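Chemist: This structure is in structure tokens; I'll ask about it shortly.
Since every read-out is calculated from the coordinates, none of them should be taken as a lab result. Just so it is clear, the structure is predicted and the values come from calculations on it, not from any experiment. Note that each Cβ is placed from the backbone with ideal geometry, even for glycine, and that neighbours are counted across all protein chains shown.
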Amino acid sequence: MTQVRQAPVPASKTMGEPTARGRFGEYGGRYAPESLVEACREVDEAFREAWADPGFRGELAELLALHAGRPTPLTPARRLSEELGVRLYLKREDLTHTGSHKINNVLGQALLATRMGRRRLIAETGAGQHGVATATAAALLGLEATVFMGERDIERQELNVFRMRMLGAEVVPVTTGSRTLKDATSQAMRHWVGATGDSHYCVGSVVGPDPYPWMVREFQRVIGEEARAQCAAALAAGVPEYVVACVGGGSNAAGTFAGFADTTARFVGVEADGGAGAARGSLGVLHGCRSLFLQDGDGQIVEAHSIAAGLDYPGVGPEHAHLRDLGRARYDTVSDGEAVGAAVRLARTEGIVPALESAHALAWVIRAAGDGGLPAGATVLMTLSGRGDKDISTLKELL
Ligand SMILES: *Cc1c(COP(=O)(O)O)cnc(C)c1O
């Protein structure tokens with residue numbers, strides 16, 4: 001059975017700032033070469049200053065409203081809720097410009113880069129979603145963008161490569177290792193070493209060296225804060241009993257959870273069974289950060305495999321590892337097949353084709369509603385992290 005009935009969660013002050021050493025519990029930190037440690041320190045200082053400045057906050061809020069289409073609606077999934085016997089509400093990140101929550105983070109980092117006097121953004125991308133979002137934000141703010149992408153992913157994601165180039169970004173093929181996301185990230189970090197003076201490294205999730213896991217969560221907090229206010233208006237109890245989101249690195253989940261950290265809502269993060277970090281990873285260090293990763297007996301990182309490219313990361317952000325240890329959030333996995341089934345079900349009951357990443361969160365809700373993991377009538381907030389347009393050809397081949 002889907003184990004979800006945790007003990008009642010005390011409202012607590014989790015999801016605040018990391019410690020002075022950039023830690024969430026025993027996770028996080030800044031495991032990077034000397035020059036990058038200094039560059040991260042500069043990003044940290046600039047971010048703290050900007051985040052405390054109402055002028056920066058106002059400018060970002062305006063960008064999110066006028067360019068990204070915020071606030072996004074909270075949609076009751078009426079027909080599906082009736083079938084499942086729970087009350088499911090969807091936070092609609094699929095309706096943002098570029099089609100996923102990634103735009104919230106890149107607009108924040110691009111604005112920060114401008115404030116720091118940087119003229120170029122460096123990013124890594126797997127399937128291209130974060131690369132497209134970065135190229136979009138760069139174009140909007142008049143910055144250059146250099147996106148590192150594994151050679152294999154370039155072959156698989158032709159359309160996103162074209163999209164990035166159309167937006168004016170330079171796409172650099174990465175030919176080392178498995179020629180996918182893990183190597184693209186390593187290459188982007190190496191490139192940043194030689195370019196810290198004029199370039200900002202725009203990390204795509206709540207991973208990487210401090211302050212990125214914290215900063216990216218803060219830029220995604222807008223999801224949770226909007227949802228909190230919308231739930232206060234839509235639900236008799238004011239807060240949902242369960243808050244569910246898919247977890248790749250964990251940014252849409254962290255941003256959603258942050259809005260409900262001081263409530264008794266139970267948090268569930270759903271990982272792909274081929275990419276699980278918090279559900280069944282072990283302690284390690286990758287890309288500048290100590291967290292939970294999929295590793296073999298020698299501590300070598302194992303390639304992740306998921307039908308959802310955004311969940312194809314062999315680990316999870318440090319704060320999720322910490323939330324797991326605290327028992328504040330629980331993490332479960334879903335298979336490719338369950339996710340595809342959930343995508344079809346949402347399409348047919350609600351008229352929404354979700355991204356395959358988001359379909360993982362929904363598949364968990366469907367499974368838990370069916371096997372008693374979710375009590376009958378439970379109120380569930382689920383973040384629909386993105387739209388399914390990018391997955392249509394994958395779905396077409398399968399169905
Ligand atoms: C990238 C992506 C994800 C996974 O990233 P997180 O940092 O875990 O949120 C989830 N959904 C969509 C639609 C994505 O593009």
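Chemist: Could you go through the range 32-39 in sequence order and give the Karplus-derived ³J(HN,Hα) for each residue, using 6.51 cos²θ - 1.76 cosθ + 1.60 with θ = phi - 60°, rounded to whole Hz, and x for Gly and Pro?
Modeler: Karplus-based 3J(HN,Hα) across the range 32-39 equals 8, x, 3, 5, 6, 4, 5, 5 Hz.
Chemist: First check a/c for the range 199-354, with a ≥ b ≥ c the square roots of the eigenvalues of its C-alpha gyration tensor; if it is under 1.5, answer rounded, and if not, answer prolate when a/b is larger than b/c or oblate otherwise.
Modeler: Taking the square roots of the gyration eigenvalues as a ≥ b ≥ c, the range 199-354 is oblate.
Chemist: A further question on this structure: What relative contact order, as a whole-number percentage, does the chain give when Cα pairs under 8 Å and 6 or more residues apart are counted?
Modeler: So the answer I get is 21 percent.
Chemist: Right, next: Please give, to one decimal in nm, the separation of the simple spin-label points placed at Ala65 and Ser282, each 7 Å out from Cα toward the Cβ.
Modeler: 5.1 nm
Chemist: If you build a Gaussian network model of the chain, linking Cα atoms that sit under 10 Å apart, which residue out of Thr196, Thr379, Thr176 swings the most?
Modeler: It is Thr176.
Chemist: Can I ask one more? Just want to confirm a number: the relative contact order over the range 246-293, from Cα pairs under 8 angstrom separated by 6+ residues, in percent.
Modeler: Value for the range 246-293: 29 percent.
Chemist: Could I ask something else about it? Just to be sure I understand: of the beta bridges DSSP finds with both ends in the chain, what percent are antiparallel, rounded to 5?
Modeler: Around 30 percent antiparallel, to the nearest 5.
Chemist: Relative contact order (percent) for the range 90-201, with alpha-carbon contacts under 8 angstrom and 6 or more residues of separation?
Modeler: Once divided by the residue count of the range 90-201, the mean separation gives 28 percent.
Chemist: Another question, then. Who wins for biggest fluctuation among Leu64, Leu121, Leu181 in a Gaussian network model of the chain, springs between alpha carbons below 10 Å?
Modeler: Taking springs between Cα atoms under 10 Å, the residue moving most is Leu64.
Chemist: Convex hull over the Cα atoms of the range 270-378, averaged projected area in nm²?
Modeler: 7.7 nm²
Chemist: Something else about it: For the range 1-143, rounded, prolate or oblate, judged on the Cα gyration tensor with a ≥ b ≥ c (square roots of eigenvalues), a/c < 1.5 rounded, else prolate if a/b > b/c?
Modeler: Cα axes put the range 1-143 in the oblate bin.
Chemist: Let me ask something else about it. In which sequence would His360, His287 go, from the one with the fewest C-beta neighbours within 10 Å to the one with the most?
Modeler: His287, His360
Chemist: Would you mind classifying the chain by shape? Square roots of the alpha carbon gyration tensor eigenvalues, ordered a ≥ b ≥ c; an a/c under 1.5 is rounded, otherwise it is prolate if a/b is larger than b/c and oblate if not.
Modeler: rounded
Chemist: How would you rank 268-275, 220-227, highest first, on the average number of other Cβ atoms within 10 Å across their residues?
Modeler: 268-275, 220-227
Chemist: Same structure again: What is the helix-to-structure angle for 181-193, meaning the angle in degrees between its Cα long axis and the longest Cα principal axis of the chain, kept from 0 to 90 and rounded to the nearest 10?
Modeler: 40 degrees
Chemist: Also, quick follow-up: Do you know the Lys pair count in the chain for C-alpha distances under 27 Å, with sequence separation 8 or more or different chains?
Modeler: Taking the chain as the scope, the lysine pair count is 9.
Chemist: Return Leu326, Leu74 ranked ascending by Cβ neighbour count within 10 Å, so the fewest neighbours appear first.
Modeler: The fewest-first ordering by Cβ neighbours comes to Leu326, Leu74.
Chemist: Using the Karplus curve 6.51 cos²θ - 1.76 cosθ + 1.60 with θ = phi - 60°, work out ³J(HN,Hα) for each residue of the range 380-386 in order, rounded to whole Hz, and write x for Gly and Pro.
Modeler: Per residue, the Karplus-derived 3J(HN,Hα) values read 10, 9, 10, 7, 8, 5, x Hz.
Chemist: Treat the count of other C-beta atoms within 10 Å as a stand-in for reagent exposure and order Glu357, Glu144 from fewest to most.
Modeler: Going from least to most buried by this count: Glu144, Glu357.
Chemist: Kirkwood hydrodynamic radius for the range 59-136: how many Å is it when counted over pairs of different Cα atoms?
Modeler: 14.3 Å
Chemist: For the range 340-345, just list the computed ³J(HN,Hα) in residue order, Karplus coefficients 6.51, -1.76 and 1.60, θ = phi - 60°, integers in Hz, with x standing in for Gly and Pro.
Modeler: 5, x, 5, 4, 5, 5
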